[in-house]
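Before any comments, here is the structure.
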Amino acid sequence: MSEITPDLVRHLASLSRILVTDEEVEKLAGELGVIVDAVAEVNKAVSGDVVPTSHPIPMSNVFREDEVRPSLSQQEALSGAPDSADGKFRVAAILDED
């Protein structure tokens, strides 16, 4: 069992500048204890010969060169739009700003 005490929860909340009630402290102490115990259980299951990874499948650089390719003209892009003006898509205003 982990050593997550109500005092530790209060201390962590203070460091985080989070206001917690006594009720929340008790609840968090139990929940954090369960999390810490679960992590400890996983650590026990992992032996020393397992290399930590960020991704299970080895990956190489997936970026490609930035190259210009044929694409739609401005007129073609706007041809299916319900409304356009001055070469741009025109949509209804959703804010009261200009």
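What follows draws every value from the coordinates through simple rules; no lab data is involved. Not measured: the values here are computed from a predicted model. Virtual Cβ from ideal backbone geometry, glycine too; neighbours counted across all protein chains shown.
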Can you give me the Rg/Rh ratio for segment 6-45, using Cα atoms for both radii and the Kirkwood formula for Rh?
1.09
Using the crude model of +1 on Lys and Arg Cβ and -1 on Asp and Glu Cβ, and no other charge, please compute the dipole size for segment 1-70 relative to its Cα centre, in debye to 20.
240 debye
Fewest-first sequence of 24, 41 by Cβ atoms within 10 Å of each Cβ
41, 24
Dipole of segment 6-45, positive end: most advanced residue of 45, 20, 9 [Cβ charges, Cα centre]:
45
Quick check: pseudo-label points 7 Å beyond the Cα along Cα→Cβ at residue 61 and residue 35, how many nm apart are they?
3.7 nm
If you average the C-alpha positions of segment 67-88 and of segment 1-46 separately, how far apart do those two centres end up, in angstrom?
55 Å
If contacts are Cα pairs under 8 angstrom and at least 6 residues apart, what is the relative contact order of the chain in percent?
19 percent
Using the alpha-carbon atoms, what tilt in degrees (0 to 90, nearest 10) does helix 22-45 show relative to the longest principal axis of the chain?
90 degrees
For percent of Cα pairs over 23 Å apart, several values are listed as [x] 68; [y] 56; [z] 62; flag the one computed from this structure.
[x]
